[in-house]
Ligand SMILES: Cc1cc2nc3c(=O)[nH]c(=O)nc-3n(C[C@H](O)[C@H](O)[C@H](O)COP(=O)(O)OP(=O)(O)OC[C@H]3O[C@@H](n4cnc5c(N)ncnc54)[C@H](O)[C@@H]3O)c2cc1C
């Protein structure tokens, strides 16, 4: 694509392009759209705001797929019907059923496509007991980083232009309300205008736009709620640009208040260091979620600690408890983690059997920064974390009784996770955990071809939305049983949108 420079009414620096498709955003859905366009012989250009492509797509461990070659080879027979029923039950049908079905239908071919591009499927992982799992989460060798690299290389091989450091600023809208292109701005001040048959909005939602979060997400504003942690990239372009631009083209929005919430993160920023940073931070984050004892601000249990990895449930339970929790353990429990690793895994990051030998370093850092506390007695620890001492002792003694009877009549913690505290000999530890989220799930209303719709349900010609810019696919919470749906929906929506554009373009020519 050779840009035309200095055309009429443009400054000497301006660039003008004319293509079939312009893609705003170079994360998972944008890269998937760009590669599908290239494979179909369409002229396309991808514009990315940051100096690098990938967006949040650099982080996933894996994606949902149904009916993949990998599943067939490994005797997994999950069907789209089964997953669709579970998803709809989870969201009580308060979601866009047609679009969800289209994305699930696409997911198997999408994973096979990635495998064909050179991605290796390491395994199928699950956060659930095998009998409850749908076995759909395909874990990629090298994770999101490799996925982004592989797709980018294929895009390059097809000579499809990718302009980084070039944020899309505006949609071009004609008198009939159709979207006919975009304008963008390069870092050197060059204004880029792209005329196109179709614009694909793939800017990743608004996780990093504090003003939009305050406006749309009711949880954040609730009285008495502790700070919400953000487990996203340290350098993040996801500021809601695509959603805001689409609104100016009359697009309707749905599900704007819904976040993909997480299990707790230590009160230490940036939280992403606990996910992909130094060992002592990853191990401390893992220690935070161990099923020894979790209490709320009042020193009372509030959740079944055995299910700490079911992160959307934990997020919700914390939301009902002021957004803050304390994870308590004694020296024997700490030693267990150091010698044997965790009882429950922290994703694939710290897993049972992996000795947590960096805990001392993490606790030292935590005491210094204020997310870890250590004391010789239970009462002294309670004082430090501002819980009534008699309440904390009572909660610990209750858990000790449950441990003796190997039964938790309050929240059904698993018997093997009911471990007695030594109430006489310290030290004791407390880690401060806050709610965290990693994605916004609300955005532009689309149909099953990913075409943006207005409030009356009419297609806005020329406008498509993908990935985290689509709204209405989740009710109040991320659906964890459909494991890997976020990245899968992003990758699938890019492909579906472009296939529809191919049809429209070929009808027109
Ligand atoms: C820590 C972490 C772990 C995750 N793990 C998983 C997992 O295991 N499984 C799973 O399914 N999902 C996971 N996800 C979610 C997954 O990464 C997202 O669902 C996916 O990346 C969304 O794709 P997208 O294209 O919508 O947005 P992104 O991939 O975030 O890409 C959006 C891109 O648009 C760019 N952009 C923004 N505004 C503009 C503009 N005006 N002009 C040009 N470009 C712009 C951004 O800079 C960014 O590069 C994880 C996310 C995070 C943060």
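Every number in this text was worked out from the coordinates using simple rules, so none of it is lab data. Nothing here was measured: the structure is a model prediction, and the numbers come from that model. Every residue, glycine as well, gets a Cβ built from its backbone with ideal geometry; the counts of neighbours run over all protein chains shown.
Would you mind checking the tilt of helix 143-157 against the longest principal axis of the Cα atoms of the chain, expressed as 0 to 90 degrees and rounded to 10?
Approximately 10 degrees, to the nearest 10.
Just from its helices, what would the mean residue ellipticity at 222 nm be for the chain, if runs of 4 or more DSSP H residues each count -39500 (n - 2.57) and the sum is divided by every residue, rounded to the nearest 500 deg cm²/dmol?
-10500 deg cm²/dmol, from helical runs alone.
From the square roots a ≥ b ≥ c of the eigenvalues of the alpha-carbon gyration tensor of the stretch 259-436, which class results: rounded (a/c under 1.5), prolate (a/b over b/c), or oblate?
Note, shape of the stretch 259-436 comes out rounded.
If you stretched the chain out fully between residue 509 and residue 269, how much longer would it get, using 0.36 nm times the residue separation minus the C-alpha to C-alpha distance?
The residue 509-residue 269 span can extend by a further 81.1 nm.
So for the chain, averaging the separation of alpha carbon pairs under 8 Å that are six or more residues apart and normalising by length, what relative contact order in percent results?
It comes to 22 percent, rounded to a whole number.
Using alpha carbons only, how many angstrom separate the centre of the stretch 354-420 from the centre of the stretch 263-338?
11
Say each of residue 360 and residue 97 gets a label point 7 Å from the Cα, pointing the same way as Cα to Cβ; how far apart are those two points in nm?
6.0
Within 10 Å of each residue's Cβ, count the other Cβ atoms and sort 61, 131 from fewest upward.
Fewest-to-most ranking of 61, 131: 131, 61.
Measuring from label point to label point, each 7 Å out along Cα→Cβ, what is the residue 335 to residue 320 span in nm?
Computed distance between label sites residue 335 and residue 320 equals 3.7 nm.
What order, most packed first, do the peptides 370-379, 216-225 have when packing is the mean number of other Cβ atoms within 10 Å of each residue?
The densest-packed peptide leads the list: 370-379, 216-225.
Among 68, 477, rank each residue by its count of other Cβ atoms within 10 Å, from fewest to most, as a rough exposure measure.
By the 10 Å Cβ count, ascending, the order reads 477, 68.
Determine, for each peptide in 252-258, 29-35, 312-318, the mean count of other beta carbons within 10 angstrom over its residues, then list the peptides with the highest first.
Result, highest mean first: 29-35, 312-318, 252-258.
Roughly what % antiparallel, to the nearest 5, for the DSSP beta bridges in the chain?
70
For the ranges 197-209, 95-107, 413-425, what's the packing order if you count other beta-carbon atoms within 10 Å of each residue, average per peptide, and put the highest first?
Packing proxy ranking, top to bottom: 197-209, 95-107, 413-425.
Any idea how far apart residue 89 and residue 368 come out in nm if each label point goes 7 Å out from Cα toward Cβ?
Between residue 89 and residue 368, the label points sit 5.0 nm apart.
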